[in-house]
1. Give me the number: length gained by fully extending Ser282 to Val105, i.e. 0.36 nm times residue separation minus the C-alpha to C-alpha distance, one decimal in nm.
2. Ranked from highest to lowest mean number of other Cβ atoms within 10 Å per residue, what is the order of the peptides 378-384, 233-239?
3. For segment 182-368, would you read off the P(r) tail past 23 Å as a percentage of all alpha carbon pairs?
4. If I take R0 = 45 Å and measure r between the Cβ atoms of Asn309 and Ser114 in this structure, what FRET efficiency does the formula 1/(1 + (r/R0)^6) give, to the nearest 0.05?
5. Arranged from highest to lowest average of other beta-carbon atoms within 10 Å per residue, in what order do the peptides 215-225, 102-112 appear?
Amino acid sequence: MNTQQSNTQRSKTPIIKAMPSNKQRGAIALIITVILVVIASLSSLVVNKSAIEEQKRSGIDLRNKEVYAAANGALEYGVYELMRLYNDKNLDGSMNEDTPAWDVVTAGGIAAASYDPYGDDSVTTLVQGIDAFTPAITYTLLTAENEQPAVIEITAPVVGVAETHVTKTVSVRVLRENLGTPSMFNGPPLIVEDCIDPGAVTGTPDITSDGVAIGTITGDSANDNCIDPGHFDITGGGAIGEPVSANPNLDLFTSMFGGISVETLQEAAEVSGNVYFITSTSPWSTNLGSLDSPVILYFAEEAECPSINGGAIIYGLVYYATPEGGCTNPGTGNTKIFGTMAFEGDLKKFNSNIELVKVDYSSADGNDVSVSLITVLPGSWRDF
């Protein structure tokens, strides 16, 4: 019995576990804190390094974009500079020698032009606010220069000024073709494709020419019913009704502009300051051109042969395309034209306020009988 009581008492005695001291608890807290600090520090380092790398990438990307923009600006300048070099050319039709000419005019020939949009002979230029250096714009003949069309590759390299390791080179290929024939800028003062109807010429419009005064393409120059001089007042001994072209099968447009299309002529108006492609039916009243820089004023069919009024003075070629059914009032008005006025179809009306003066622009310094058209070849742009 006593033994059982003793066992019972022992079983009821509580078991006391040893607890860590205050020093032990502090050490554990310190270790945990150090681990958290290390983790936080590592996280901060990773985040900072990532931010720095991102900043570097953003900076490099920004500089690349800036130099890329500068390269495209230089390339665009090179395209328009090529147009200027050809249209302000020598009498033999070659590129202007104010800049280095082609080393050879066969395929592989090279020429160069400085990127100097401000005309101050600077080698460092600002393009869209970008400080970039263009060593030179290079032109390379991929065909012979006199081919129609000729193919030219334009290359524009650009180097960052502050960061010379950032570079970009872009290139594009263009087609160069001559626009027009000798009749464009040294033809008779008046050219009609077919005939001048009897009674079409009223008043006493003036023509001044010491050569051919009135020319026709397909009309019969010996038949007064086809070429009726009417009341033209011709001075200088100019002849009437002489044919312009030796090929009677040509139409007026082909005789004047060669083998190009109307669409090509319209493209020329978009890139050349000497070509105007008019589609408006409103009367024309603006002075154009000069003796040193003749123009082409082309009235498209949809313009419906508007008049030229206001005493406008035009140097060059004024050409009227005929809409369906012909022009009932073609180009009548008050103007003075130094060069050639040309009409498709029959000339049905011509009044006394028009004065035509023959000028041979093919002998003028800096100009030729043709205008060169530069068009970008689709799909030829390269970035490297």
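Taken together, the values in this text are just the output of simple stated rules run on the coordinates, not laboratory data. As the structure is a prediction and not an experimental result, all values here were calculated from the model. Glycine also receives a Cβ, built like all others from the backbone with ideal geometry; neighbour counts cover every protein chain displayed.
1. Details: separation 177, 0.36 × 177 = 63.72 nm, distance 4.49 nm.
Roughly 59.2 nm would be gained on extension.
2. On the way: 378-384: 10.3, 233-239: 14.6.
Ranking, from highest mean packing down: 233-239, 378-384.
3. Details: 5919 of 17391 pairs.
Distances greater than 23 Å cover 34 percent of the Cα pairs.
4. Details: r = 44 Å, r/R0 = 0.98.
The value I calculate is 0.55.
5. Values: 215-225: 17.5, 102-112: 14.9.
Packing order, densest peptide first, comes out as 215-225, 102-112.
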